[in-house]
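Encoded as structure tokens, the structure appears first; notes follow it.
The values are calculated or read from the model by the stated rules, or taken from the named source; none is laboratory data. From a predicted model like this one, the values you see are computed outputs, not experimental measurements. Every residue, glycine among them, receives a Cβ derived from its backbone with ideal geometry; neighbour counts consider all protein chains shown. We work out accessible area using only protein heavy atoms, side chains counted, and drop any ligands, DNA or RNA first. Shrake-Rupley method; radii C 1.70, N 1.55, O 1.52, S 1.80 Å.
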Amino acid sequence: MSGTVDDAAQTGPLGMRPFFFCGIGGSGMLPLAQLAQGFGHEVAGSDRSYDQGRTPEKFQWLAENGFTMFPQDGSGVVSANQTLIASAAIEDTVPEVARAKELGCKRMTRAELLAELFNDAGYSIAVGGTSGKSTVTGMIAWILADLGHDPTVMNGAVMKNFVDEANPFASARVGSPRIFVSEVDESDGSIALYRPTIGVLLNVSLDHKSIEELRTLFGNFLFEAGCAVINMDDEESRFLAGRATQKVTFGIHHQSANITVEPESIEQGALSIRAVLLDNRSKEVFPLDLPMPGLHNLANALAAIAAMSAAGIEIARSVYALSRFKGLARRFDVVGTSPSGISVIDDFGHNPEKCAATLRTLKATEGRVIAFFQPHGYGPLRQMGDELAQTFARELGDDDITIMCDPVYFGGTVDRSEGTERIIKLIEDNGGSAEHIATREACGDRMVELARPGDRIVIMGARDDTLSAFAKSVFERLK
């Protein structure tokens, strides 16, 4: 293997240049800003949501914790010594970009800065795949922290085990720069920037790129990893396994994988899942009791355990740590259950595979499902709309219903000719029950009107920090 996590070497100091984050409140930008500040950099930023007064508690926390906030008018970019961190998609007309260009500031994307920090670590673990990255990253981070390894972590979701008063937005954890754990993104191709000690591949399916492009990106990712951890249940991942020079495999259904489970031992509950884990290399068995529901989370746990095994950590210690894993915000996050037994779940599902995993988890136990879905853009809806419609029609039953509002739109020149109406018709054409209601607020009214005792209401969508508040508001209206 590629050495153990105990062998992680201390890295040299990074240049302490100041950073300016354009869109600092975003789910990807905020944790990276936390890491940059934690590593000693001066950090300032701006955000359109800050100017619009959205999620004020987040920006108040940033301001109170040493992040200098500016309106998005270019006033925060004042020196050529600053490095502008901005999405590659942001136009040159954005004031920060124009000002940085005028001053001659260096510009980096979020992924470029993250890869620089990640690749400087002595021991690095990258988690890739179309679905499950954030959960597996959180699981690995918790195992390492529970065992005293003090990892630095970059994640795309709030990790509940690390939330405290000092860090309520714990999608990042500032630890030792020697050990770095991060999810890595294929949607923009930036996965190619990382050189991990251990690279985890969870699955390969349609999301932002074609399957052909994904095969190239993920195949190269496995090749570059010192040791690859591969999901043998996923056909595409299994196909790419030959690109790895060293590997540890896992799978629920692929019984010859290094790390698997005894199929007859699986017990699914409404909020948990249990199984007997089998290490085919040593023939040892371990009871795994995971306080999260769904077969997809069992697979996520196997991925984390396999990665830790590759890092030299005993399976028994990983299994014990995961029995106390609290999960992630917006990953089958139960907001609450009303006195009449109606539950509301907040979930990040936004592509066919993620939505299918959530819906299957709900359908594994009794109760009608009211599934609300907010498309995260017109482009993604156009690209994966057919598969999304098939997912909702296939996974939900005759009594269940899907409710969708219009896609998220923050401005710009995106083609809006194809919207939610087309997806609703496709769901109905495939035998499902669905309604299009243009505004999210009206969708909330409809769900409260429809809900009856024993129902589960799931709020799904991405790229909108206000979805959790919406889920809470729906719950608070239930009797």
Original post:
For Ile266 and Leu450 in one chain, what is 0.36 nm times their gap in residues minus the Cα-Cα distance, to one decimal in nm?
Top reply: 62.9 nm
Subject >> Helical contribution to [θ] at 222 nm, DSSP H n ≥ 4, -39,500 (n - 2.57), averaged over the chain, rounded to 500 >> reply: -10000 deg cm²/dmol
**OP:** Could you tell me which of Leu222, Ile198, Pro177 has its Cα farthest along the dipole of the stretch 171-228 towards the positive end, charges placed at Cβ (Lys, Arg +1; Asp, Glu -1), taken about the Cα centre?
**Re:** Pro177
**OP:** Determine, from the Cβ-Cβ distance of Ser417 and Glu165 and an R0 of 30 Å, the FRET efficiency 1/(1 + (r/R0)^6), rounded to the nearest 0.05.
**Re:** 0.05
Subject >> Straight-distance crosslink candidates among lysines, where the alpha carbon sits under 16 Å from Lys425 and sequence neighbours closer than 8 are dropped >> reply: none
**OP:** Scan around Ser205 for amide H atoms under 5 Å from its own, H built in the peptide plane at 1.01 Å from N, and keep only partners 5 or more places away or cross-chain.
**Re:** Thr130
Original post:
Quick one: if the Förster radius is 41 Å, what FRET efficiency do Glu314 and Ala192 give, using the C-beta to C-beta distance and rounding to 0.05?
Top reply: 0.80
Original post:
Which entries in Lys133/Lys160; Lys247/Lys283; Lys58/Lys479; Lys133/Lys209; Lys209/Lys354 show an alpha-carbon gap greater than 22 Å?
Top reply: Lys58/Lys479
**OP:** Give me the distance between the Cα centres of the stretch 147-161 and the stretch 239-313, rounded to whole Å.
**Re:** 21
Original post:
If you take the C-alpha gyration tensor of the stretch 281-378, multiply each eigenvalue by 5 and take the square root, what semi-axes do you get, largest first, in whole Å?
Top reply: 30, 16, 12
Original post:
Among the DSSP beta bridges whose two residues both lie in the stretch 193-305, what percent are antiparallel, rounded to the nearest 5?
Top reply: 55
Subject >> Among Tyr320, Ser75, Ser46 the positive-end extreme of the charge dipole of the chain (Cβ point charges) >> reply: Tyr320
**OP:** Determine the dipole magnitude for the stretch 1-138: charges of +1 sit on the beta-carbon of Lys and Arg, -1 on that of Asp and Glu, nothing else is charged, the reference point is the Cα centre, and the result goes in debye to the nearest 20.
**Re:** 180
Original post:
How many percent of DSSP beta bridges within the stretch 317-414 run antiparallel, rounded to 5?
Top reply: 50
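If you put +1 on each Lys and Arg Cβ and -1 on each Asp and Glu Cβ, how big is the dipole of the chain around its Cα centre, in Debye rounded to 20?
560
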Original post:
Taking every DSSP beta bridge that has both residues in the chain, what percent is antiparallel when rounded to the nearest 5?
Top reply: 25
**OP:** Kindly write out, for the stretch 262-267 in residue order, the coupling ³J(HN,Hα) from the Karplus curve 6.51 cos²θ - 1.76 cosθ + 1.60 (θ = phi - 60°), rounded to whole Hz, with x marking Gly and Pro.
**Re:** 7, x, 6, 8, 6, 10
**OP:** Rounded to the nearest 0.05, what FRET efficiency do Gln255 and Glu102 give with R0 = 41 Å and r taken as the Cβ-Cβ distance? Could you check?
**Re:** 0.10
Subject >> Compactness of the stretch 61-156 as Cα Rg over 2.2 N^0.38 Å, two decimals >> reply: 1.37
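Got a number for carbon plus sulfur as a percent of the chain's accessible area, 1.4 Å probe?
Carbon and sulfur together cover 49 percent of it.
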